[in-house]
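Everything below concerns the one structure shown next.
Quick note: the coordinates plus some simple rules give every number you see, no bench work behind them. Worth saying up front: this structure is predicted, and the values here are computed from it rather than measured. All Cβ positions, even for glycine, are placed from backbone atoms using ideal geometry, and neighbour counts span all protein chains on display.
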């Protein structure tokens, strides 16, 4: 079964995308084709989406699904007319909340997160910049500012995990890859020794690492299964010798990996 899903937002779409992913993940047996429509703030834009929905409905025996966080009443009403199963997320919650608070909601565009979260947003953006500057041990500088330093073999998922920690939690995460010399000598790089309490190791199966590296550098020694097996064996010994906390990432999403790292941070995040 293949199901078309339209995610509609009057702003960045972050909220409806996150909610949509969480809901759809509960149905792994279904293949979803999702499209995100951001900054839908006019009747004309809603009309255009309704036309796309109609076209999709005509090509499939399954009626499309719409998840919407539109806040303006006229736009929500217009979207309800689409040839789809429409889930008006704002509408579902605003009316019951109005009854509880005995107060009328005053929706405004782009205020899903609220102005009081501006400081948190800025922290997350600063953390993202930190992750980019400290990606793959490019500089090795400012590691003393890191909340966590992810280590592991090349292509084991350090970069996406650092960026996710930064974007979602404002965590200052640095990424420092272990390389051939580290595996041969079985020592931590000098730049990491004084930050040992902030290290967190990623573990991946040799077969999966081989698959990822083959897509990047097919046929190279770097991507060979033998090299991947060697590096994973060595890194596991290194983790044990230095008592570094780890997470097996082979079959885990970046969200799951992040939740296993957070409890090990030396700060509250």
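Modelled spin labels at residue 237 and residue 23, positioned 7 Å past Cα toward Cβ, are 5.2 nm from each other. For helix 43-59, what angle does its Cα long axis make with the longest principal axis of the chain, in degrees from 0 to 90 and rounded to 10? The answer is roughly 80 degrees. A simple packing score, the average count of other Cβ atoms within 10 Å per residue, orders the peptides 236-242, 130-136 as 130-136, 236-242, with the highest score first. Kindly provide the helix-only [θ] at 222 nm of the chain, computed as the sum of -39,500 (n - 2.57) over DSSP H runs of four or more divided by all residues, to the nearest 500 deg cm²/dmol? Helices in the chain give a 222 nm mean residue ellipticity of -14000 deg cm²/dmol.
Angle check, please: helix 118-133 long axis (alpha carbons) against the longest principal axis of the chain (alpha carbons), in degrees 0 to 90, nearest 10. In the chain, helix 118-133 runs at an angle near 40 degrees to the longest axis.
Nearest 0.05, what FRET efficiency do residue 39 and residue 81 give at R0 = 22 Å with Cβ-Cβ as r?
Values: r = 21 Å, r/R0 = 0.93.
For R0 = 22 Å, the calculated efficiency reads 0.60.
Quick check: from the Cα gyration tensor, does region 2-101 come out rounded (a/c under 1.5), prolate or oblate?
Working: a/c = 1.77, a/b = 1.25, b/c = 1.41.
Oblate shape, in that a/c is at least 1.5 and b/c is the bigger or equal ratio.
Separation of region 223-269 and region 153-213, taken as the distance between their Cα centroids, equals 7 angstrom. Taking label points 7 Å from Cα along the Cα-to-Cβ direction, residue 253 and residue 15 give a separation of 2.0 nm.
Using Cα-Cα distances under 8 Å and only pairs 6 or more residues apart, what relative contact order does region 150-269 have, in percent?
Numbers: 145 pairs, mean separation 37.4, N = 120.
Relative contact order for region 150-269 comes out at 31 percent.
Using a cutoff of 8 angstrom between alpha carbon atoms and counting only pairs six or more residues apart, the relative contact order for the chain works out to 14 percent. At R0 = 30 Å, how high is the FRET efficiency between residue 190 and residue 120 if r is their beta carbon distance? Nearest 0.05 is fine. Result of the calculation: an efficiency of 0.30.
Report D for region 116-264 in µm² per second (integer): Stokes-Einstein, Kirkwood Rh on Cα pairs, 4 °C, 1.567 mPa s. In µm²/s, the coefficient is 83. How far, in degrees from 0 to 90, does helix 158-169 lean away from the longest principal axis of the Cα atoms of the chain, to the nearest 10? Around 50 degrees separate the two axes. Please work out the FRET efficiency for the pair residue 218 and residue 95, using the Cβ-Cβ distance as r and a Förster radius of 45 Å; give the result to the nearest 0.05. Here the calculated transfer efficiency is 0.20.
Taking log10 I(q)/I(0) by the Debye sum over Cα atoms at q = 0.09, 0.13, 0.14, 0.17 Å⁻¹ as calculated from this structure, the corresponding entry among (1) -0.37, -0.81, -0.95, -1.48; (2) -0.58, -0.95, -1.01, -1.20; (3) -0.53, -0.94, -1.04, -1.35 is (2).
Which whole-number percent gives the relative contact order of region 2-101, counting Cα pairs below 8 Å spaced six or more residues apart?
Numbers: 150 pairs, mean separation 32.1, N = 100.
Computed over region 2-101, the figure is 32 percent.
For the peptides 31-39, 59-67, the ranking by packing is 59-67, 31-39, with the highest mean count of neighbouring Cβ atoms within 10 Å listed first.
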